[in-house]
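The structure appears right after this line, and notes come after that.
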Amino acid sequence: MRHYENLVIVKPTFTAEEIQASIKAIEEEIIANGGEIAATDAMGMRKLAYPIEKNERGYYHVVYYSIAPAAIAEIERRFRINEDLLRFVTIKYDTNREIAAWNTLVEKAKKAAETPAKTEEPVAAEATVETETAAPAEAEPEAPVATEAAAE
């Protein structure tokens, strides 16, 4: 089995659910042809370098996988038929140096997939800390105002 990477650009006119369904169909096509998905990287909505089918933006998604070389022709044929995709590119990693680079990209994609879940928790924790520290700060300015009123 060889290592491959597919970058697909999905039409931006779809809702989030439709985009995810299209991505899921792409991944299922790879698995149905005997592939093993190593990692995926959702790059999100981005501006295109030039308009494609009157679209200025597109949803970028990268899939890293291993599959037999004979199955690539069928996967690319299905991508060409799929009207949800604006563009796609298949990259083959063949030499040892390229395979090492593929492994590095897979690790980065896995870390990127784990990182957003971890960063959301501390943000929520910081918000609770800020509200706790904000409450005593509000009580302090009220005390000097009351003493000034009593002094007058």
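Throughout, read-outs are computed from the coordinates displayed, never taken from laboratory work. Quantities reported herein were computed from a predicted structural model and do not represent experimental measurements. Positions of Cβ are backbone-derived with ideal geometry, glycine not excepted, and every protein chain shown enters the neighbour counts.
Quick notes
- For the range 57-74, putting each phi into the Karplus relation 6.51 cos²θ - 1.76 cosθ + 1.60 with θ = phi - 60° gives couplings of 10, x, 8, 8, 9, 10, 10, 9, 7, 10, 7, 5, x, 5, 7, 4, 4, 5 Hz, in residue order, rounded to whole numbers and with x for Gly and Pro.
- Theoretical FRET efficiency, 1/(1+(r/R0)^6), r = Cβ-Cβ of LYS47 and THR104, R0 25 Å, to 0.05: 0.40
- Computed E for THR115/ASN82 - FRET, C-beta separation, R0 25 angstrom, nearest 0.05: 0.25
- For the range 47-111, GluC sites (Glu not before Pro) meeting the loop criterion (DSSP other than H, G, I, E, B) and having at most 13 other Cβ atoms within 10 Å: GLU53, GLU83.
- Sequence of PHE14, PHE88 once ranked by neighbouring C-beta atoms within 10 Å, starting from the fewest: PHE14, PHE88
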